Structure formats: C-alpha cells, structure tokens
Amino acid sequence: MNASPKLAPGVPEPGAIDWRVVLRQIATSRALDDLEESTLLPGRKVLYQFSARGHELTQVLLGRQLTGSRDGVGAYYRSRPLLLSLGLGLEDALASTMMRTGGMSDGRDIGVVFNLPRKSGACVLPVCGGVGTQYTPAVGWAAALRYREAVLGDKECGASIAVAHGGDASTATNGFWSALNIATTERLPLLFFIEDNGYGISVPSRQQTPGGNIARNLESFRGLRVLDGDASDPMTAAALIEDAVTGVRSGGGPALIRLAVPRLSGHSGQDTQAYKSAGEIAAEKERDPFEKLRAQLVPAIISAADWDLELARGRQAVAAALPAVERRSAPDPARVRRYVFSEVAADGSVEVQQQGGTYGEGVVPPPGTQHANPQGPRINLVTAVRRTLEHELAVNPRMLIFGEDVGRKGGVHAATLGLQEKFGSARVFDTSLSEEGIIGRAVGMAAAGLMPVPEIQFRKYADPAAEQLNDCGTMRWRTVNRFAAPMVVRIPGGFFKCGDPWHSQSNEVQWVHGLGWRVAMPSNAQDAVGLLRSALRGNDPTIFFEHRSLLDGGWARRAYPGDEFVVPFGKASVLREGTTLSVVTWGAMVERCEKALIDTGISADLLDLRTLSPWDREATLASVRKTRRCLIVHEDTMTAGFGAEIAAVIAKDAFFDLDAPIERLAMPDVPSPHNPELLDAVLPSIEAIAQAITALAEI
Ligand SMILES: Cc1ncc(C[n+]2csc(CCOP(=O)(O)OP(=O)(O)O)c2C)c(N)n1
C-alpha cells in the first residue's frame, strides 16, 4: 500500500476504512444491475428493474456504520447496495428480482422490495412500494429501542439506532414530515439518510422542496442535526456519514444527512430519461462516485490491478449466482394463499413469524378462557375496554398505548382514563396529531417485538393512516411469514346522539377488505372484554371498533367477565333462537334488532357476528338453512356493505334452502347526517327493522 492522499481536516484516514470490502460490494451491486439490465430484463426473467448505479458508494458506506446489534433500517426500493453491505446474500437478492423460490418474498413482491429479519445485527424492516412509507415505521423502531432499554432493561437497544433511507422526492411525502416531527419532538435515535439524485422519476428536486435542497431548508428545524455533502467527493462523504451515524448513536438526537448522488440509469428499467438532455446525462456520468473513488484510491491505497481484480470478483460472484438461482424452482402457486394471517399448525402450535410482535420474540401470552366469570355490577362498554387494557398492561410489559389525547386526558372517550398515572408515560402516552405517524410508529414498534395499541380518535380520522394500515395488513403475506406487525388499533366510530360525516361513520367493510386485518365490532361490554383480550394476546393486526353509541349505552352494559376471559374471533353469538327467520347483524344494530324482534313477537334466530374478519359463515348458514329466511341489518351504507358479502355466500351455499329472497336493511348510500331527525331518517330504526322482519316473515 502507498501513503494516504492529503485529506481535509477532520476527514478520517481512508486507511481506516476497508476500501476493498467497500469496492467489492459496489462492484457486486453494479454487476447485478448490469446483468439485470443487459440480459434478464430484455429476456423477461426480471419484470421490474431499479438500478442503484450512482448510489452504491453512499449506501455501502452507511452499511458499514450500522454495527449496533439492534439497529433497524426503514429501507427504500433503491436500497440494494445497502442491503448487500448488511449481508443480503447474492443468490437471495437475485432470486428476489427473478421471482424464484426463497428470496425476500418467494416471488410475491417486487424483487427490490426487501426485508431482512434479524434479532442481532441490522434488521431491515419490510420495504413497501409506496414512497414515503419507510419513514414512520423507522420512527417506531427508534421509539421501540428507547422503550426496550428503559422499560424492558434491554441494554443492547441503548447503543442501537434506526435509519430511514429515501430519495429527494420522498421528502415531499406526508410520511417524511410526520416522521420528522415525531423524531425531533421526541429526540429519537433516528438518522434520515437522503440520497438526492436530483429527480423523482422525471420531476426535479426543486419541485419537491423549495430551492431543491432539503438539507438547506431544514437547517433551522429545531432538534435536528443536518449534514449535507456530495458523494462525488467520496472521502468527505465517508466522513459525513460516519459523523452522522456516530452523532445519533451517541445520544445526540435525530439527524438528517443529504448526499448528492448522480442517478446513472433511468428511474427504472423502463425509463429512457428522455426528460434529461444529453449534456446532463454526460455531466452525471462525470460525477460517478465510483470513478471518483477510483481516482482517490488508485494507486495510493489500492493498485490498479487490485482494483480491476475486485471488479472482476464482483462480476464473477454475480455470474456464479445466476445458474444457482436458475436452478431454484418457481414459487408454488398452491402456497400463494398462505400467510395472510398467522397460521396454526396441525398440532395447534402457532407458525411464528421470524420477526415482529411478542410471538416473534418467543413471548407467547396465555390463551385465556372462554368461560365467563361475571364479577360485580354491570359496567358500560368504555369501562370494560379500560379495565381490559389495564389488566393486559399489568401482565404484558411489551404492551403500550398511545394516540391523540390518550395520556393525561385519558382519551376523548375516556377509555384510557388513569392508565398513564398508573403505568407511566413510557407506556401510555400522547402523540402528535398525525394518524400516519401513529400507525406507522406502531408498525415499527411491532416489528421490534412490542405490542402497540394505538388509538385513532374517530373512525374517519383513520384515513390519513390508510397507507400504513394497508401495508401493515399485507406484511406477513408479502414476506412469507418472515415479518408480521401484530397490533390492536382501537377506533371509536358510528353514530352517537347525532351523526356527521366525520366522527360517525362506521364503514367497517373497508377494514374487512384490508387484507390481513382481523376486525372486531362488539355489541356489548362482555364481548368487548373478550374480543379485546383475544386481540391483545393474538398474533395478527386487529381493528377493534368501539361503537360510540354503545360506549355508555344501557343495553350494552354487562358484568365484567374476568381477567382471563377471551372471545375467539369468527364465532357468532346466538342471542335468540327461533323458527321463522334469521336476523344477522353486529355492532350497534344488535340491540335494535333484538328490540324489533321482541316488538314483533316473531320467532327468529338473532345472530351477533361480533367479528367480521373472520366472520362466522358456518353459524350463519346453519341458521338460514334452519329458518329458510334471512334479514341482514347493518349501519354501514348499503352498496358493497358487508351485508352484500353475507348475502352472496348465503345465495350460493344455501340457495335451495331459501323460501324468500335474502333481505338487507342498511343506511342508504349517503354520509351520516348531523341533525338527529335526518339521522333517524336513514339509520335502520327499531320500527324499520320490525317492518322488515314482518314483511319477510309473511313471504
Ligand atoms: C406513494 C407513491 N407515489 C408514487 C410512486 C411512484 N414512484 C416510485 S419512485 C418515485 C420517485 C421517487 O423519487 P426519489 O424519492 O427521489 O427516489 P429515487 O427514485 O430518485 O431514488 C415515484 C413517483 C410510489 N411508488 N409511491
């Protein structure tokens, strides 16, 4: 080796970095891109290709800094060099883009949508296709590090950090700003690692942030350390990256580093870059960090021959991986339905994901009992929820509750009243007003082995979190059971004394359509206890819908059924048994249907489904086969409401048992109106239900 070149003050000696390793990883990444672009994409063996050419140096340098045993990465679809530097196997990388068995997703997801489950060494959270989705889960990982250290006494977490990797355009997303607010207000150990290649596909940086430089714009952001550099100055970039990571790791709070990089290929394999001039493309090539690195290292640190040797090794490794990957089989279509939900093996044991939730940490909660042991006076539904949360917080130190106003105030519905006082603000706390932040943070926390219980204040306000909710639901399937993020999202909604389009929607069918989510809609306090406990001890993400009219409703009051009481999902409760027809309903309509049946005096089965995902088809079909008539009642709007699904199943599976058409009574297709008289005009009333029952009985 020759003497080091002259470096600016403060820049680490390049000898301190094992440049051969860096070089090899860059060469490997570039060889992968070459192979995909030149051969696999034209041959349709790869269908989506995202080259990282130009981004490799910065990512590999970051990777070598992620040495904390519980470091976590919210990665990007252009993160492959980072993944390679963190130990992603070459065959798995190639098998992913080639949609072969194994890889990251067994052919289920785009090959550059990575994940790397790890309990020791940097863990890469499942990447999503949506730009900006990586940020709030990374916040959640950072928050979990702090929680695990402070509450669970996990010392390794104290020296670990989270990183969120993104491009310049990703800083324009809601997720970025949500994460930035949370990380800075809570001083979380999170590094925003922004590679600015000047474009989001074809839209230039100046249209993503004023002036085109996010670092400059964030210089005055409180609580954030900002570093800005250019990867075509490799030694300075290396020093900046080390500085940024060290600062966050040593407790300096969140930081953002922006590194200018050239994008040396189109956005994806399909992109011809027609929006760039030939001069611009040539100038980008001139800025190639890899070539700049060569100029700095050869011959001072590495001889030209050794440099070429490492390049050749990268190419050889990729070439050797290809036939091995081609020998891998195509994924089995018979398995494609698996892992939407947590699966139970034939012997009753849970097929646990490699990472995420308490199960993923080897902590399996006790199953509880389906035997109710009613204690004390009847309590309202909100008290039932609070009491269940309180008990589960006491027995599960990995559980934590958060949301807008849930801390000191105890929630706008009082469901968490007193819980912060009892369990402290590490376990029950207020969040900033960002539903994407609330759910995204929960995703990262769950991935890090906790059981988050986020509250969304009202049904409609889950909308800003839609992307995180969707991605959470599909996580297990996308990663073939490598990752899952079990959590319980509590959402009050539905009408109260009046309606309105914001607080009073029910729209539960949307959750049922959200793949991977279990959905509970209890109608009374006893079921609320049992379903909530099932969810809190379960291994899947769950929407727990708390109906506003039931929170303090008289009919829904029941005695507390005990600290171990659970209600299994997918088991309807048969409230009345009769002969003339079946009434199938859930949530706040259960009470109305029961009263309507009493008013009519007609003999009928009354089924409270209690959960909609899964829903009790068997009990429904058995009842309809017996009574030969069915009325479905729900508060959600009619068209494509969940009643349509039930009706379709009955029409197919019990068609020849029916003596009358299947009837549905639901809100017409209008938003919930505010004026109580308007609300009464559209909500299924006891009278309207009674009429429908009578009419159906008379057919
Ligand atoms: C929410 C969302 N909107 C749009 C897209 C389509 N899309 C994929 S990448 C991309 C540009 C991202 O640019 P940037 O963050 O700068 O990263 P780069 O591709 O330049 O590395 C767009 C618009 C997407 N994947 N997700």
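The values are calculated or read from the model by the stated rules, or taken from the named source; none is laboratory data. Bear in mind the structure is a predicted one, so any value in this text is a computation, not a measurement. Glycine gets a Cβ as well: all are built from the backbone with ideal geometry, and neighbour counts include every protein chain shown. Side chains are part of the model used for accessible areas, which takes the heavy atoms of the whole protein and leaves out ligands, DNA and RNA. Shrake-Rupley method; radii C 1.70, N 1.55, O 1.52, S 1.80 Å.
Give region 361-385 a look and list any residue that's polar (S, T, N, Q), under 23 Å from N539 (Cβ atoms) and open to solvent by less than 40 Å² (accessible area, probe 1.4 Å), or say none.
Listed by number, the list is empty, since nothing qualifies.
Of the residues T136, T173, T185, which single one is among the β-branched types (V, I, T), more than 16 Å from the ligand (Cβ to nearest atom) and touching a residue at least 40 places away in the same chain (Cβ under 8 Å)?
Exactly one of T136, T173, T185 is among the β-branched types (V, I, T), more than 16 Å from the ligand (Cβ to nearest atom) and touching a residue at least 40 places away in the same chain (Cβ under 8 Å), namely T185.
Given the criteria open to solvent by less than 20 Å² (accessible area, probe 1.4 Å), farther than 20 Å from V584 by Cβ, in contact with a His (Cβ under 9 Å, 6 or more places away or on another chain) and not small (G, A, S), does P492 qualify?
Numbers: open to solvent by less than 20 Å² (accessible area, probe 1.4 Å): yes; farther than 20 Å from V584 by Cβ: yes; in contact with a His (Cβ under 9 Å, 6 or more places away or on another chain): yes; not small (G, A, S): yes.
Considered against the rule, which asks whether it is open to solvent by less than 20 Å² (accessible area, probe 1.4 Å), farther than 20 Å from V584 by Cβ, in contact with a His (Cβ under 9 Å, 6 or more places away or on another chain) and not small (G, A, S), P492 comes out as yes.
Would you check if G198 is touching a residue at least 60 places away in the same chain (Cβ under 8 Å), near the ligand (Cβ under 10 Å from one of its atoms) and on the phi > 0 side of the Ramachandran plot? Outline the logic, then answer.
Values: touching a residue at least 60 places away in the same chain (Cβ under 8 Å): yes; near the ligand (Cβ under 10 Å from one of its atoms): yes; on the phi > 0 side of the Ramachandran plot: yes.
For G198, the condition - touching a residue at least 60 places away in the same chain (Cβ under 8 Å), near the ligand (Cβ under 10 Å from one of its atoms) and on the phi > 0 side of the Ramachandran plot - is met.
Which residues, counting only those in region 53-67, are open to solvent by less than 10 Å² (accessible area, probe 1.4 Å) and either at pLDDT below 95 or over 25 Å from the mean Cα position of the chain (by Cα) (or both)?
Within region 53-67, G54, H55, E56, L57, T58, V60, L61 meet the criteria.
A quick yes/no check of all residues on (1) hydroxyl-bearing (S, T, Y); (2) closer than 30 Å to L191 by Cβ; (3) in a helix (DSSP H, G or I); (4) over 39 Å from the mean Cα position of the chain (by Cα):
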site	(1), (2), (3), (4)
L256	no, yes, no, no
D271	no, yes, no, no
G279	no, no, yes, yes
R337	no, no, no, no
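Within region 652-662, track down each residue that is closer than 16 Å to A622 by Cβ and open to solvent by less than 60 Å² (accessible area, probe 1.4 Å).
A654, D657, L658, I662
Specify which of the listed residues (T171, T185) is over 23 Å from R64 (Cα atoms), under 26 Å from the mean Cα position of the chain (by Cα) and open to solvent by less than 30 Å² (accessible area, probe 1.4 Å).
Result: T171 is the single residue among T171, T185 that is over 23 Å from R64 (Cα atoms), under 26 Å from the mean Cα position of the chain (by Cα) and open to solvent by less than 30 Å² (accessible area, probe 1.4 Å).
Can T272 be described as surrounded by fewer than 19 Cβ atoms within 10 Å (Cβ to Cβ), free of Cβ contacts under 8 Å to residues at least 40 places away in the same chain and in contact with a Gly (Cβ under 8 Å, 6 or more places away or on another chain)?
Numbers: surrounded by fewer than 19 Cβ atoms within 10 Å (Cβ to Cβ): yes; free of Cβ contacts under 8 Å to residues at least 40 places away in the same chain: yes; in contact with a Gly (Cβ under 8 Å, 6 or more places away or on another chain): yes.
For T272, the condition - surrounded by fewer than 19 Cβ atoms within 10 Å (Cβ to Cβ), free of Cβ contacts under 8 Å to residues at least 40 places away in the same chain and in contact with a Gly (Cβ under 8 Å, 6 or more places away or on another chain) - is met.
So which residues in region 495-530 are among the polar types (S, T, N, Q), open to solvent by less than 30 Å² (accessible area, probe 1.4 Å) and at pLDDT 95 or above? Let's see the steps before the verdict.
Taking region 495-530 and keeping what is among the polar types (S, T, N, Q), we get 504-507, 510, 523-524, 526.
Now drop any that are not open to solvent by less than 30 Å² (accessible area, probe 1.4 Å), which leaves 504, 506, 523-524.
Across region 495-530, the qualifying residues are S523, N524.
Mind listing whichever residues of region 201-234 are outside any helix (DSSP H, G or I), within 11 Å of the ligand (Cβ to nearest atom) and among the polar types (S, T, N, Q)?
Scanning region 201-234 gives S202, Q208, T209.
Just to be sure, is G403 crowded, with 22+ Cβ neighbours inside 10 Å, modelled with pLDDT under 95 and not hydrophobic (A, V, I, L, M, F, W, C)?
In short, no.
Tell me the residue from L145, L180 that is within 16 Å of the ligand (Cβ to nearest atom), crowded, with 21+ Cβ neighbours inside 10 Å and in a helix (DSSP H, G or I), please.
Values: L145 fails: within 16 Å of the ligand (Cβ to nearest atom).
Only one candidate passes the filter, namely L180.
Give just the number: which of (1) more than 16 Å from the ligand (Cβ to nearest atom); (2) touching a Lys or Arg at 6+ places or on another chain (Cβ under 9 Å) does L84 not satisfy?
So L84 meets the others, but not (2).
Go through region 553-576 residue by residue and tally those that are in contact (Cβ under 8 Å) with a residue 60 or more places away in the chain, under 32 Å from the mean Cα position of the chain (by Cα) and open to solvent by 20 Å² or more (accessible area, probe 1.4 Å).
Count: 3.
Looking at (1) buried (at least 24 other Cβ atoms within 10 Å of the Cβ); (2) under 16 Å from G494 (Cβ atoms), which is the one condition that is false for P541?
(2)
Which numbered condition trips up G43, out of (1) within 16 Å of the ligand (Cβ to nearest atom); (2) open to solvent by 40 Å² or more (accessible area, probe 1.4 Å)?
In the conditions (1) within 16 Å of the ligand (Cβ to nearest atom); (2) open to solvent by 40 Å² or more (accessible area, probe 1.4 Å), G43 misses (1) alone.
Step by step: first the residues of region 91-133, then only those that are part of a helix (DSSP H, G or I) and without any contact (Cβ under 8 Å) to a residue 40 or more places away in the chain, then the one that is least open to solvent (accessible area, probe 1.4 Å). Which residue is that?
S96
Of everything in region 681-699 that's outside any helix (DSSP H, G or I) and among the aliphatic types (A, V, I, L, M), which residue is modelled with the highest pLDDT?
Across region 681-699, the extreme among qualifying residues is L683.
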